[in-house]
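Remarks on the structure that follows.
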Amino acid sequence: MNNIVAIVGRPNVGKSTFFNRLIQRREAIVDSVSGVTRDRNYGKSEWNGKEFSVIDTGGYIKGSDDIFEGEIRRQVELAIDEADVIIFVVDVEEGITPMDEEVAKLLRKVTKPILLAVNKVDNAMREKDAYEFYNLGLGEYYTIAGMSGSGTGELLDALADILPEPEEKQEEEALPRFAVVGRPNAGKSSFINALIGEDRYIVTDIAGTTRDAIDTKYNRFGFEFNLVDTAGIRRKAKVKEDLEFYSVMRSVRAIEHSDICILMIDATRGFEGQDQSIFWLAEKNRKGVVILVNKWDLVEKDTMSTRDYENRIREELQPFSDVPILFVSALTKQRLLKALETSVHVFENRKQRIATSKLNDLMLPIIENYPPPALKGKYVKIKFCMQLPTPTPQFVFFCNLPQYVKEPYKRYIENKLRENFDFSGVPIDIYFRQK
Ligand code: GDP
Ligand code: GDP
């Protein structure tokens, strides 16, 4: 289930307001995972049992007044390429603008489902004003008020109708997928070429469709997996602009389909905004992560030690800093096999199941020694814990007053789990429940 819904439209029509409404609803439902959410433009949502990822394309375009028309055009073209459904937002207060017409012209050519949302319809009067949007030639529209949420239910019903039924779980049999991600020029192709250059390890080469990444079935260390090359996707891009949006949006699908994300960064540039967005995208999707600092051959070792470099990256990863960071060179092939081996290791960490008795024997004394702080004179008593049978590690702690357990204590429990078990590179979820 990897449906991608892109929200497009010119600035100030209310895209981010609508986006936040979609995402917050979801975060409330899933009891908010412990990680912080740093990407304001990407999130997961669900409606009527259909899950989807939402991308607010507008969030990546800076400046609202003198915005280049070209940027909007590229934003829409990319959404057309990468998304499964497009929600085109317009503003009833402003009516149809030339830029709306531009966007509509692009969208009319597309066979993908488009939902036209006429926003800021705050009252019944404005319902009538919305008629003019038929002139965009996109057919039926939905009137919404992103701010109050009115009308959004009908829009989401329509969206859920379009999205395919959830697939049966076949993932069990599928090979593990390691996606090599990172911004353009980080060295992803070089890394993959260096590995598959030794082609005796390749099992088969499956050419993906034009839109999907290229998979290479690979066998090493007695372990079979698919190496997913996202670098190939870039070659379709017509323009060379440096918008964060492009590499992130193009990574979304590959990341969602993967088990492990091998995030490559360019040592000469550091761990920058785009790298960080991709990292949080992987974390948010609960994927295993390995960071490769590539082009290490180019770094003067006396100006910068690996330790300093590593510490600087780890600062940015807080609170999910328990992630392997390796210094590699795709050019000189330094530590490439180590990188693969580490990825396999993270894959195994992510899959591990800790026996309930072992977990309780370890964690209950730790909790007894340092229980959650009392709140309003009430004491939280944690009686029992277990790991859930989920694809990524999730732990539930049963207690009398789960609502009294706050974030710092969850963090404490997570750290203790990480100290005692190897969850390196793997996001963990911790829940407190009443029993
Ligand atoms: P974006 O640039 O398309 O992401 O637009 P924003 O979400 O930032 O919204 C632009 C402005 O429109 C903000 O001042 C919002 O408060 C306002 N806005 C958004 N939704 C509504 C709505 O349903 N009704 C009204 N009246 N204003 C809205
Ligand atoms: P991609 O866009 O992430 O697939 O990056 P490429 O693999 O195409 O690499 C971009 C550029 O960086 C190319 O010129 C590579 O030769 C160069 N490059 C990649 N890895 C290394 C490395 O480890 N060391 C050095 N010095 N250059 C590298």
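The values are calculated or read from the model by the stated rules, or taken from the named source; none is laboratory data. Source: prediction; values computed, not measured. Neighbour counts run over all protein chains shown; Cβ positions are idealised from the backbone, glycine included.
Looking only at segment 289-335, count every residue that is modelled with pLDDT of 95 or more and assigned to a loop (DSSP other than H, G, I, E, B) and tell me the total.
Residues that pass the stated criteria total 5.
Residue by residue, here is whether (1) within 16 Å of ligand 2 (Cβ to nearest atom); (2) outside the structural domain of VAL92 (by the TED database); (3) more than 24 Å from ALA79 (Cα to Cα); (4) in a helix (DSSP H, G or I) holds:
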position: LYS112; (1), (2), (3), (4): no, no, no, no
position: LEU115; (1), (2), (3), (4): no, no, no, no
position: ASP122; (1), (2), (3), (4): no, no, yes, no
position: ALA130; (1), (2), (3), (4): no, no, yes, yes
position: PHE133; (1), (2), (3), (4): no, no, no, yes
position: ALA145; (1), (2), (3), (4): no, no, no, no
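Would you say GLN352 is within 17 Å of the chain's Cα centre (by Cα), farther than 19 Å from LYS188 by Cβ and either of a type in the set (Ser, Thr, Tyr) or surrounded by fewer than 16 Cβ atoms within 10 Å (Cβ to Cβ) (or both)?
No; evaluated as a whole, the condition is false for this residue.
What's the number of the condition MET386 fails, among (1) modelled with pLDDT under 95; (2) surrounded by fewer than 19 Cβ atoms within 10 Å (Cβ to Cβ)?
MET386 satisfies every listed condition except (1).
Taking segment 6-38, which residues are at pLDDT below 50 and outside any helix (DSSP H, G or I)?
VAL30, ASP31, SER32, VAL33, SER34, GLY35, VAL36, THR37, ARG38
Under the condition of being more than 16 Å from ligand 2 (Cβ to nearest atom) and modelled with pLDDT of 85 or more, which residue from segment 165-192 is farthest from SER53 (Cα to Cα)?
Once the filter is applied, the top-ranked residue is PRO176.
Taking the residues in segment 147-164 that are in a loop (DSSP other than H, G, I, E, B) and either within 16 Å of ligand 2 (Cβ to nearest atom) or not small (Gly, Ala, Ser) (or both) as candidates, determine which candidate is surrounded by the fewest Cβ atoms within 10 Å (Cβ to Cβ).
PRO164
Is there a residue in segment 374-396 that is more than 27 Å from the chain's Cα centre (by Cα), hydroxyl-bearing (Ser, Thr, Tyr) and not in a loop (DSSP other than H, G, I, E, B)?
Scanning segment 374-396, I find no residue that is more than 27 Å from the chain's Cα centre (by Cα), hydroxyl-bearing (Ser, Thr, Tyr) and not in a loop (DSSP other than H, G, I, E, B), so the answer is no.
So ALA254 passes all but one of these: (1) more than 14 Å from ligand 2 (Cβ to nearest atom); (2) crowded, with 16+ Cβ neighbours inside 10 Å; (3) not in a strand (DSSP E or B). Which condition number does it fail?
Among (1) more than 14 Å from ligand 2 (Cβ to nearest atom); (2) crowded, with 16+ Cβ neighbours inside 10 Å; (3) not in a strand (DSSP E or B), ALA254 violates only (1).
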